[in-house]
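Visitor: Just passing along the structure, written as structure tokens.
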Amino acid sequence: MERTRKPAAAPGTAREARGGRMEGPQAGLEGLLAEYAVTSESGLNLRDAPGMDGAVLAELPRGAGVYSYGEAQDGWLRVRTGRLEGWMLAKHLEELPLPELSAYGLD
């Protein structure tokens, strides 16, 4: 009986199949609290590019948490939530306080 292997996720796109570890620029996000929460009553679209022309990847409900990385671009933030990454309109995101590093012995 021949076994087939699942292809590994591309670096920086999602959790790797083995061990659930992240690779690429998002690796440092693992274990952190969400930095922003969706504030729009009707939720907020996650798009594949900054701007209203970007394709909608998902709609996140009010209160959903996202990580931000990189600089804002024309009012849009590059974010990651779960296995998805894309762009969200910054004016509909509220910055959440992060715990002090000293709480984790990292000061």
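The values are calculated or read from the model by the stated rules, or taken from the named source; none is laboratory data. Values in this document were obtained by computation on a predicted structure and should not be read as measured data. All Cβ positions, glycine included, derive from the backbone under ideal geometry; neighbour counts span all protein chains shown.
Visitor: Which members of region 56-69 meet the condition of being part of a loop (DSSP other than H, G, I, E, B) and either more than 11 Å from the chain's Cα centre (by Cα) or modelled with pLDDT of 90 or more (or both)?
Guide: Let us first name the residues in region 56-69 that are part of a loop (DSSP other than H, G, I, E, B), namely 61-64, 69.
Scanning region 56-69 gives P61, R62, G63, A64.
Visitor: Among what's in region 35-56 and is touching a Phe, Trp or Tyr at 6+ places or on another chain (Cβ under 9 Å) and surrounded by fewer than 18 Cβ atoms within 10 Å (Cβ to Cβ), pick the residue that is nearest to H92 (Cα to Cα).
Guide: Step by step, filter region 35-56, then rank; the result is G51.
Visitor: Turning to a different aspect of this structure: May I ask you to verify whether E100 is within 14 Å of the chain's Cα centre (by Cα) and either small (G, A, S) or at pLDDT below 90 (or both)?
Guide: For E100, the condition - within 14 Å of the chain's Cα centre (by Cα) and either small (G, A, S) or at pLDDT below 90 (or both) - is not met.
Visitor: Please give the number of the condition H92 fails out of (1) modelled with pLDDT of 95 or more; (2) loosely packed, with under 15 Cβ neighbours inside 10 Å.
Guide: Of everything listed in (1) modelled with pLDDT of 95 or more; (2) loosely packed, with under 15 Cβ neighbours inside 10 Å, H92 misses just condition (2).
Visitor: OK, next. Say whether the condition of being out of contact with any helix residue (DSSP H, G or I) (no Cβ under 9 Å at 6 or more places or on another chain), of a type in the set (D, E) and at pLDDT 95 or above is met by at least one residue in region 29-36.
Guide: No.
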